[in-house]
Each structure stands twice: as structure tokens, then as C-alpha cells.
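Everything below concerns the one structure shown next.
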Amino acid sequence: MRFLGNIEAKTDSKGRAFLPAAFRKALQSAGEERIVMRKDVFQPCLVLYPGSVWDEQMDSLRQRLNRWNSAHQQVFRQFVSEVEAVSLDANGRFLIPKRYLNMAGIKQEIKFIGMGDTIEIWASEKTEQPFMDAEAFGAALENLMNDGPTD
């Protein structure tokens, strides 16, 4: 399953938004029925995880943490406590709770950004934030691709 694209949308007065049709189709074709929402760890945006991707993230994090280490338990507790199960209604709408709207600085205008196996939700006025200018992006991509294995 791959989520691709940058799609503009709006939330209604209750904080509901339509999940873009292309993303709904990707979820349906992958047989995903569960979606988990969390504030991003690094950026002021929300992240939607298909259930299987969320489970992989949880397993990966849990494997790196020691249950008998109090600092590890605090990290795990904070990671899992800031999560919301998302349900789509028959029209493909879902509710973004007020605390999540506030965390991401979302007023009404939003952008969905497909990130491969997850979907980010940004306040439209903040969508310049996660991107580099074209020249910096080209240089960073060139460095990354030149450091990896060659075909």
C-alpha cells in the first residue's frame, strides 16, 4: 500500500474531514479496516497509520525498549498514550478531536500528504515547513543516492 500525493481539504465546524478518495481506495484494496492517528513526534502535523503499519511501529519500538527500564517505559507510555483510533463513516469522513486540531495548529484548511505507508495531515499554512527549497532538496537527494549501493 502506497499513499502518494498532496491533497487540499477542509475540516467542518465539528472537526470532521473527508479522507481523500485515493487514500480510501488504497486502504480498502489492502484490506485495512483500522486507522490510528497520532501527533507526529518531530513535526507539527498529525499522522494516520493503517492498522498493520501501526502494529509494525509498535512492535519495532517495543523490541528496542526494555520493560524493566523506567526511562524506556516512559517513552513507550507517551508514544502509545497520544493515540486515537479513527473511524470512517459511510461517506469517508472522520473526526479529528479538538486536542489534535490544537496540537497540529489546524484551523480549517488542511493538506493530506501521502508518505508511502502513512498519511500526514497538516494545517495548510504550515505546509511549507516540512519541505526544503528545490536546490537543497536536489543536493540532499544526490548525497543520499550517492552514499548508497550502486546497481
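The values are calculated or read from the model by the stated rules, or taken from the named source; none is laboratory data. These numbers come from a predicted model, not from an experiment. Glycine gets a Cβ as well: all are built from the backbone with ideal geometry, and neighbour counts include every protein chain shown. Ligands, DNA and RNA are stripped out before the accessible areas are found, and what is left, the full protein with its side chains, is counted by its heavy atoms. Shrake-Rupley method; radii C 1.70, N 1.55, O 1.52, S 1.80 Å.
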Hey, Gly114 at positive phi and at pLDDT 85 or above or not: no
Give the residues of region 63-90 that are of a type outside the set (A, V, I, L, M, F, W, C), surrounded by 14 or more Cβ atoms within 10 Å (Cβ to Cβ) and either more than 27 Å from Leu101 (Cβ to Cβ) or in contact with a Ser or Thr (Cβ under 6 Å, 6 or more places away or on another chain) (or both), sorted by residue number. His72
Region 107-126, subset of a type in the set (D, E, K, R) and more than 23 Å from Pro50 (Cβ to Cβ), residue most open to solvent (accessible area, probe 1.4 Å): Lys107
Name every residue in region 91-105 that is open to solvent by less than 10 Å² (accessible area, probe 1.4 Å), more than 23 Å from Lys25 (Cα to Cα) and among the aliphatic types (A, V, I, L, M), in order of residue number. Ala104
